Amino acid sequence: MKWTYDWLKDYLKTDASAETIADTLTRIGLEIDDVSVPIMPIAAKIIECRAHENSDHLHVLMVDDGTGTLRQVVCGAPNARAGLISALAVPGCVVDGHEIQRGKLRGVASDGMMCSEKELGISDNHDGIIELPADTKIGAPVVEGSIVFEAGITPNRPDYLAVRGIAHDLAAAGVGGYVGTNGVPLAEEGVGRRVKIETDKCMVYRYAEIHDIQVKPSNEEIARRLRAIGISPKNAPIDATNYVCYDMGQPMHCFDADEIKGDITVRMAVPGEEFTDLFGTTHTLCDKDIVITDEAGVLALAGVVGGARAMTTDKTKNILLESAYFDPVSVRKTAKRIGVSTDASYRYERGIDPTISDVALAAAARIIIAACGGTVCVVSSAGQIPADRIVIDYSPDMFAKKMGFNVPAETQMDILIALGYTVGEHGNKWRVFPPRRRVDVEIPETVIADIARIYGYDKIAGTAMHRPSNPVRPHKDHALDIKMALASRGLNECRSYAFGNSRIEAMLSDHEPVMVANPIVADFDTARGGLLGGLLGAVSNNEKRGYCDLALFELGTVFDGDAPGQQRTALCIVRTGAAVPRHWAGRARDVDIYDVKADIVSQLSAQRYTVATDNPPRWAHPYRYGRIMQGKKVIAEFGELSPVVARQMRIKTRACVALVANIENIPARRVAKYTPVPEFPPITRDFAFIADSAFPAAGIVNTAMAADRRITDAIVFDAFDMGGGKKSIAFTITIQPDKNMTDADLMEIQNAVIDAVEKKCGAEIRDK
């Protein structure tokens, strides 16, 4: 976005310097990229004029530009002569959209260009160079130059795409007083074409017919401002629409009224319908495109580009001036599909002030009539801008809670009113109505951000409320607790995109992918159904660069569908390479599935579980996989990455994976409490059972632990195949007494273990 200093002062009464304005805008959220004063043509006197030796119409001039050194310029104007004072564009000047540079014409060096009235934007006269009065000061600018500001506009602030929007924020920041706009719309009058809106993608369509004009150049001020921001003036009607677009943020279009056949209809395009734009390109339209039509066909692609038919030319006598509000989403989709981006589409895509169309129409009409004459004979409209306004329930106390420092309620109120908000005050409860130009304001947090930026971020450091140096964090953030616990085990957190690759997701699971309608890149064509694909991509990229020993985890949202409630927060852990660094004191070993199993078990807060090994998923090695279960509920999965998947992902190092489908399956970590040292020492007992070879040892151990509440642990210390489909499992249980225990008490626990294992596991106690 570019604008000039004098243009800004149409809306802002201020004497602040350009530097102060730039600093203030950057401070309140609009970062200024550049502030420049363009080089303008200056008055210069021709001291010598001789014929060019290699041309029959060029002259070689020696001109005095006020520097004390004559400058050589090659010129082809027939009126060039010694003693004439004219306009000189030195290298660096931009004339008619082109920067003047040093060069040679027919082998003779030329250090600038002498300018005609047309090249200066004063008139259409291009018969020769301009002739200035004899008393003109040599070296003085011939036309006034303006300070030009340039800023990058973020998508959430489309109001900054209008000079008036920038002026409004500067006034709120105390740089000057906001002057406002000439808000007198054109009264509807005359009988002309009817307008019919057949789609809800156009809320309002207004037009004015101006008859009996004579197309002329714009007045000097408008032409100069447009040139300063990089727009070449064409003629007054076209320049008026460009000017109002930057001035008020309302895109407009100008048609030749004599080329429009009958009434105007705004509708959705018919699939296959063709349209030729004003650049001569033909587009095939679809039913998602908004079009402006007459009885003969499409006149314009709404909000994007006008058509070749009914375009305004120098021969136009009657014009139809359009000002409308089109749906931002529809305009963006059309502009992206046909590959055309204009100043109009750029603004419509981001959202314009829905209330400005009538005022903008009147402003453009007055500019055209002032330059070209004519009479407004018809003003008509269809549709209506919704009167509903966004209402935000807000309390001044919210500011301190969100920002960490206090701003008095009176100051907050003053800032909001200065920004154009309407505030209904009911004690400590406010009803806040954002200005209609601020399409980004929908929630209290945006209101708070507005107050903070105008109040001044530079004041925060001195007033911020500091937390205690060593606060006690309550255990309320379940996800953060999991992250901290995993980090304490040496794992590093990864953050990847919330998109997935359909090919990789199909390789890892049978989950139905949630496809993205308009992916940013081809590799991210789904809303991710799991976290494993992203982490395996990280492993592959690290391995290519020589980093094979990795311990990674990610906790994030995954998608089972595109409807609300079809998302969940999952956890994925991947370990690769060496489990521990090489050291002289012990052997190095590679990670295995028990490392990732331990990562998950560490999160279970000592809760009991079982392990199942059947039905491994696609990503897992068929014989190195397990599921952690609590009853019939799957808490987590762990296993080694399938060699097939590893080969497809180009991973050569062994990778072990653990997955938690939903972190709600992991119990919240309890705040540690002091537990007194047991009064009685623990007691151990050994057992050996004969069971079917297919029965998991974990099932026997868990059954034994459940036999009595005083059994606190059970560890397998021996297992071997006995043949005949049987195996031996030997384990030790630990009993924590709560009183002096007799042999009878211990025998009771021992018998309870034997009975439970034999009945529930189908095992037999070994006698020998």
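The values are calculated or read from the model by the stated rules, or taken from the named source; none is laboratory data. If you're wondering where the values come from, they're calculated on a predicted model, not measured in any experiment. Positions of Cβ are generated from backbone atoms using ideal geometry, with glycine treated the same way; all protein chains shown enter the neighbour counts. The protein model used for the area step is the full one, side chains on, heavy atoms only, and it has no ligands, DNA or RNA in it. Shrake-Rupley method; radii C 1.70, N 1.55, O 1.52, S 1.80 Å.
Listing for the model above:
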| item | result |
| --- | --- |
| Residue that is in a loop (DSSP other than H, G, I, E, B) and either among the acidic types (Asp, Glu) or over 26 Å from Ala173 (Cα atoms) (or both), where the choices are Ala387, Ala365, Ala344, Ala382 | Ala387 |
| Which listed residue, of Ala236, Ala240, Ala257, is in contact with an Asp or Glu (Cβ under 6 Å, 6 or more places away or on another chain), under 24 Å from Pro185 (Cα atoms) and open to solvent by less than 10 Å² (accessible area, probe 1.4 Å) | Ala257 |
| The range 712-721, residues that are of a type in the set (D, E, K, R) and surrounded by 11 or more Cβ atoms within 10 Å (Cβ to Cβ) | Asp713, Asp718 |
| Any pair with Cβ under 8 angstrom, 6 or more apart, that starts in the range 616-627 at a residue that is free of Cβ contacts under 8 Å to residues at least 12 places away in the same chain and more than 21 Å from Arg503 (Cβ to Cβ) and ends at one that is open to solvent by 30 Å² or more (accessible area, probe 1.4 Å) and aliphatic (A, V, I, L, M) | none |
| From the options Glu349, Glu322, residue that is in a helix (DSSP H, G or I) and among the acidic types (Asp, Glu) | Glu349 |
| Filter result (under 15 Å from Ala756 (Cα atoms), in contact (Cβ under 8 Å) with a residue 60 or more places away in the chain and not aromatic (Phe, Trp, Tyr)) within the range 671-723 | Ala688, Ile690, Ala691, Ala698, Gly699, Ile700, Asn702, Met705, Ala706 |
| From Leu550, Leu536, Leu532, residue being of a type in the set (A, V, I, L, M, F, W, C), within 13 Å of Val574 (Cβ to Cβ) and touching a Gly at 6+ places or on another chain (Cβ under 9 Å) | Leu550 |
| Whichever residue in the range 101-145 is among the small types (Gly, Ala, Ser), under 19 Å from Pro38 (Cα atoms) and in contact with a Lys or Arg (Cβ under 7 Å, 6 or more places away or on another chain) and, among such residues, is surrounded by the most Cβ atoms within 10 Å (Cβ to Cβ) | Gly112 |
| Those strands (runs of 3 or more DSSP E) lying entirely in the range 588-706 with at least 1 residues over 50 Å from the mean Cα position of the chain (by Cα) | 683-692 |
| Residues located in the range 742-759, provided they are open to solvent by 40 Å² or more (accessible area, probe 1.4 Å) and either in contact with a strand residue (DSSP E or B) (Cβ under 9 Å, 6 or more places away or on another chain) or among the basic types (Lys, Arg) (or both) | Gln750, Glu758, Lys759 |
| Count of residues meeting criterion [touching a residue at least 24 places away in the same chain (Cβ under 8 Å) and surrounded by fewer than 21 Cβ atoms within 10 Å (Cβ to Cβ)] in the range 531-543 | 4 |
| Gln648 over 24 Å from Leu552 (Cα atoms) and surrounded by fewer than 17 Cβ atoms within 10 Å (Cβ to Cβ) | no |
| Single residue of Arg685, Arg709, Arg627 found to be within 28 Å of Gln736 (Cβ to Cβ) and either at pLDDT 90 or above or open to solvent by less than 20 Å² (accessible area, probe 1.4 Å) (or both) | Arg685 |
| Matching residues, the range 722-739, being in contact with a Pro (Cβ under 9 Å, 6 or more places away or on another chain), in a strand (DSSP E or B) and open to solvent by 30 Å² or more (accessible area, probe 1.4 Å) | Thr734 |
| Filter result (within 19 Å of Ala171 (Cβ to Cβ) and of a type outside the set (Val, Ile, Thr)) within the range 411-432 | Gln412, Met413, Asp414, Leu416, Ala418, Leu419, Gly420, Tyr421 |
| Candidate set: the range 499-523, residues that are among the hydrophobic types (A, V, I, L, M, F, W, C) and surrounded by 14 or more Cβ atoms within 10 Å (Cβ to Cβ); chosen: the one nearest to the chain's Cα centre (by Cα) | Phe499 |
| Any hit, the range 654-670, residues being farther than 25 Å from Lys597 by Cα and in contact (Cβ under 8 Å) with a residue 24 or more places away in the chain | no |
| Count - residues of the range 286-320 that are of a type in the set (Gly, Ala, Ser), under 9 Å from Phe255 (Cα atoms) and open to solvent by 10 Å² or more (accessible area, probe 1.4 Å) | 0 |
| All positions within the range 16-38 that are open to solvent by 80 Å² or more (accessible area, probe 1.4 Å) and either modelled with pLDDT under 90 or under 17 Å from Thr4 (Cα atoms) (or both) | Glu19, Asp23, Glu31, Asp33, Val37 |
| Every pair of residues 6+ apart whose Cβ atoms lie under 8 Å, when the first sits in the range 740-755 and is within 19 Å of Arg766 (Cα to Cα) and assigned to a helix (DSSP H, G or I) while the second is open to solvent by 40 Å² or more (accessible area, probe 1.4 Å) and among the small types (Gly, Ala, Ser) | none |
| Of all residues making up the range 58-90, the number that are farther than 19 Å from Ile130 by Cβ and either in contact with a helix residue (DSSP H, G or I) (Cβ under 7 Å, 6 or more places away or on another chain) or assigned to a loop (DSSP other than H, G, I, E, B) (or both) | 3 |
| Residue ID - modelled with the lowest pLDDT, chosen from residues in the range 271-285 that are surrounded by 14 or more Cβ atoms within 10 Å (Cβ to Cβ) and in a loop (DSSP other than H, G, I, E, B) | Leu278 |
| Of all residues making up the range 168-213, the number that are of a type outside the set (Gly, Ala, Ser), open to solvent by less than 20 Å² (accessible area, probe 1.4 Å) and more than 17 Å from Asp353 (Cβ to Cβ) | 6 |
